[in-house]
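Only one structure is covered here, and it is reproduced in the block below.
The values are calculated or read from the model by the stated rules, or taken from the named source; none is laboratory data. Here the structure is a predicted model, which is why all the values come from computation and not from measurement. Ideal geometry is used to build each Cβ from the backbone, glycine not excepted, and the neighbour counts take in all protein chains shown. Keep in mind that these areas ignore ligands, DNA and RNA; they rest on the heavy atoms of the full protein, side chains included. Shrake-Rupley method; radii C 1.70, N 1.55, O 1.52, S 1.80 Å.
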Amino acid sequence: MTVLIITHSNDNKSIPMVMEAIHEQGGKAFRLNTDQFPTEVQLNLTCGPQTEQSRLISEQGSLDLSEVSSVWYRRIRIGQNIPTRMESQLRNASIKESRRTIMGMIASLKGFHLDPVAKIRRTEHKQLQLQVAQAVGLEIPRTLTTNNPIAVREFAQTCEHGIITKMLASFAVYEDDQEKVVFTNPVSAEDLENLEGLRFCPMTFQETIPKALELRTTIVGREIFTAAVNSQRLEAAHHDWRRQGTSLLHDWEPYSLPSDIQEKLFMLMDYFGLNYGAIDIILTPDNRYVFLEVNPCGEFFWLDILGGLPISRAIADLLLNPAQKDLIPPNKF
């Protein structure tokens, strides 16, 4: 069994952790750092009668793509190492052609995909996630995505605990070459009077949900792992625990979700046809579980290391034995 891991050279510890677990279970793992294509990594894709084998060649060695039994689609940064001094139109064309080539390779690979790219891309629509979560019986926060300042002010008046704002896309802002992650932020009365920027960029607003604990649930096939953290003990983490992620690193502990919540999360995953997802949930002081989002390629490594949750092993086991997992039951919708 050979697993092809789609990632990049600066990905975190999760890659060697899963690769080690694959090797321990008798499988082979080949890592494709997409940022090194086409500059360092070579790819031969062939089709037609009496053609040579399709082959991937990198610093890790040479891989006959017909040997790939499973694909783990983790991260992608195609063409990142193409020189920036190249004329911009030519560089953009090179990146686009390189991306089409790699995505075509992934689409043509037979075997099990964790998860198919088309299903990942569909799941990334946050409005659809919330709609489906509510349909399966999960509680969700009241949410408004808009570029209309009047709508935001009217929405804020209906939210007892105030509102927060977040972006649908993950990105960073750079100031003086320093990366600054865009976090979830509370919206003040002053902010509500200064919403002119919405005419250039829509934003998402949600009612503020009181927090007793913040939960991260990782689903791998039919296994479910949950950890909890009390983000409210640090003032800067009240609205987004990632602001104090390092300080809270050792505070995460394994948590048991109620069985009915677990079943609803599996229904959500089944709707999207996913076998992997990192799900954010708020436990309120009155013991309600409020679904925020599912990230189909979300992080897990800090929970694997610190929370004693064997997520890497579960991913490796799924990639090596997908036929034994009864992964996607009949759609319940």
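Accessible surface ranking for H250, H113, 1.4 angstrom probe, highest first: H250, H113. Placing a label point 7 Å from the Cα of L198 along the Cα-to-Cβ direction, the residues of segment 124-154 with a backbone N closer than 14 Å are 143-154.
Backbone amide hydrogens, once placed in the peptide plane, bring T145 within less than 5 Å of F205, excluding anything fewer than 5 places away on its chain.
Return one number: the angle in degrees, 0 to 90 and rounded to the nearest 10, between the long axis of the Cα atoms of helix 88-108 and the longest principal axis of the Cα atoms of the chain. Compared with the principal axis, the helix lies near 80 degrees. Solvent-accessible surface of the chain, taken per residue with a 1.4 Å probe and all protein chains present: 52 Å². About its Cα centre, the dipole of segment 74-162 is roughly 560 debye, where the only charges are +1 on Lys and Arg Cβ and -1 on Asp and Glu Cβ. Computed from label points 7 Å out along Cα-Cβ, the spacing between H161 and R142 is 1.3 nm.
The listed residues D260, D317, once ranked by accessible area (1.4 Å probe) with the largest placed first, stand as D260, D317. Amide H contacts of C297: A278, each under 5 Å away and 5 or more positions distant or on a separate chain (H built 1.01 Å from N in the peptide plane; Pro and chain starts excluded). For the pair Q134 and T39 in one chain, pulling the backbone fully straight at 0.36 nm per residue adds 29.7 nm over the alpha carbon distance. Note on segment 127-144 and segment 262-315: Cα centroid distance 15 Å, given to the nearest whole angstrom. Among M267, M1, M105, the sequence by solvent-accessible area, most first, with a 1.4 Å probe is M1, M267, M105. Mean residue ellipticity, 222 nm, helices only, the chain: the sum of -39500 (n - 2.57) across DSSP H runs of n ≥ 4, divided by residue count and rounded to 500, is -8000 deg cm²/dmol. List the residues whose amide H sits under 5 Å from the amide H of E139, counting only those 5 or more places along or on another chain, with H placed 1.01 Å from N in the peptide plane. The answer is F291.
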